[in-house]
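Trainee: So that we are looking at the same thing, I have put the structure below in structure tokens.
The values are calculated or read from the model by the stated rules, or taken from the named source; none is laboratory data. Remember, predicted model here, so these are calculated numbers, not experimental data. Here the Cβ positions follow ideal geometry from the backbone for every residue, glycine too, while neighbour counts run over all protein chains shown.
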Amino acid sequence: MREVSFIKQNKEKWLSFENAIYNNDFKDPDQLASQYIHLINDLAYAQTYYPKSKVIDYLNQLAAKAYQKIYKNKREDTNRILSFWKTEVPLICYQYRTFIYVAFIIFFTFTFIGAISAANDGEFVRSILGDDYVNQTLVNIESGDPVAVYKSGSNWGSFIGITINNLQVGVLSFILGVFGGIGTVYILFQNCIMLGSFQYFFYEKGVFWESVRGIWIHGAMEIFAIIIEAAAGLLLGASILFPGTHSRFTSFKQGAKTGIKILISTFPFTFSAGFLEGFITRYSNVMPNWLSVGIIIITLSIISFYYLMYPFQVQKRVTKNIRS
């Protein structure tokens, strides 16, 4: 895109943000927070494609002023990595929270379909999970340890293998979003149908509680992370389908950059889920109920808070600082 076109299509947005910053015109705090993120994206774009342009100076000054407003009377966090998870990702999640909500709706819908399908077709579980897995699980149920399949292999071997597999699923879910989000939905479909039929299978065999207190020790973070990764993929797809005022290619690059940040933010949770599955889940049958349930509640609470509640707190704090 030519520089003149870039300035023309974004001028009104920049002036609106400038007016809000310099004149304390905060009619819509949510929109203001969204505009700040867009401003940073526009600055990065200008620095890449118009390195000698005066528009970079203008955007730099505007961004600096906004930064001072937002972080006034606060010590700057010099740890870039900490700042990424503490502020940047939560603000992105707040701005694009609709994609997270949609990913959850798709997840619950497909999981329900998987459970209903298993309930109405006796062979459905075998067609999804495979005869070997079902037969082995039936043997494990008979022996009194329904989730023994998660206890095979060494601790470190399980941790590494499981983590790599989950990372691959997350990255693939994001990348396939390039097909208008359809690829991401397909990955969710595969995993959710499997999860729904899998959990119904344990319910049908009368060991649902045993499966929950074992599998969800690691599953709370693992499944939640997959949903967030799917949200990143949906965002990537939307950036292509709905470019707005940007060119489709420009919108795609911005969507990819934002989506990658969301994707990366899930990695610590994916590693944590792999660790739990490799080192903790295997002992679920000898744990007291309060311990296994406690681990599930804590892990689910941590990741739920970070992606569903903390973004609102960060956005509120940023808006408050801008107002002051």
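Trainee: May I ask you to say which residue of THR184, THR258, THR250, THR266 is over 16 Å from PHE99 (Cα atoms) and among the β-branched types (Val, Ile, Thr)?
Mentor: Values: THR184 fails: over 16 Å from PHE99 (Cα atoms); THR258 fails: over 16 Å from PHE99 (Cα atoms); THR266 fails: over 16 Å from PHE99 (Cα atoms).
It is THR250.
Trainee: Going through the range 290-317 one residue at a time, which ones are modelled with pLDDT under 95 and within 15 Å of ARG97 (Cβ to Cβ)?
Mentor: PRO311, PHE312, GLN313, VAL314, GLN315, LYS316
Trainee: Can you pull out the residues in the range 88-118 that are crowded, with 16+ Cβ neighbours inside 10 Å, among the aliphatic types (A, V, I, L, M) and over 16 Å from ILE187 (Cα atoms)?
Mentor: VAL89, LEU91, ILE92, ALA115, ALA118
Trainee: When both residues are 6+ apart or on different chains and their Cβ atoms are under 7 Å apart, which pairs have a first residue that lies in the range 244-255 and is touching a residue at least 24 places away in the same chain (Cβ under 8 Å), and a second that is charged (D, E, K, R)?
Mentor: Within 7 Å, no pair qualifies.
Trainee: With respect to GLY219, determine if the residue is in contact with a Phe, Trp or Tyr (Cβ under 6 Å, 6 or more places away or on another chain), modelled with pLDDT under 95 and closer than 17 Å to ILE164 by Cα.
Mentor: Here the answer is no, as GLY219 does not meet what is asked.
Trainee: Kindly provide the set of residues from the range 183-199 that are within 20 Å of THR281 (Cα to Cα) and aromatic (Phe, Trp, Tyr), ordered by number.
Mentor: PHE198
Trainee: Next question, about the same structure. Being assigned by TED's automatic domain parsing to the domain that holds SER284, out of contact with any Phe, Trp or Tyr (no Cβ under 6 Å at 6 or more places or on another chain) and part of a helix (DSSP H, G or I) is true for just one of ALA238, ALA232. Which residue is that?
Mentor: Of ALA238, ALA232, the one residue that is assigned by TED's automatic domain parsing to the domain that holds SER284, out of contact with any Phe, Trp or Tyr (no Cβ under 6 Å at 6 or more places or on another chain) and part of a helix (DSSP H, G or I) is ALA238.
Trainee: Is it the case that some residue within the range 222-230 is modelled with pLDDT of 95 or more, farther than 28 Å from ASN41 by Cα and not aromatic (Phe, Trp, Tyr)?
Mentor: yes
Trainee: Among the candidates PHE267, PHE279, PHE271, PHE275, which residue alone is surrounded by fewer than 15 Cβ atoms within 10 Å (Cβ to Cβ) and in contact (Cβ under 8 Å) with a residue 24 or more places away in the chain?
Mentor: PHE279
Trainee: Quick check on the range 264-281. Is at least one of its residues among the hydroxyl-bearing types (Ser, Thr, Tyr), closer than 23 Å to LYS8 by Cβ and not in a helix (DSSP H, G or I)? Show your work before the answer.
Mentor: Looking only at the range 264-281, we keep the residues that are among the hydroxyl-bearing types (Ser, Thr, Tyr), and these are 265-266, 270, 272, 281.
Subsequent filtering for residues that are closer than 23 Å to LYS8 by Cβ retains none.
No, that holds for no residue.
Trainee: Now for a different question. With the structure loaded, tell me whether GLY294 is over 14 Å from the mean Cα position of the chain (by Cα), under 25 Å from SER211 (Cα atoms), surrounded by fewer than 21 Cβ atoms within 10 Å (Cβ to Cβ) and not aromatic (Phe, Trp, Tyr) or whether it fails that test.
Mentor: Taking the combined requirement at face value, the residue satisfies it.
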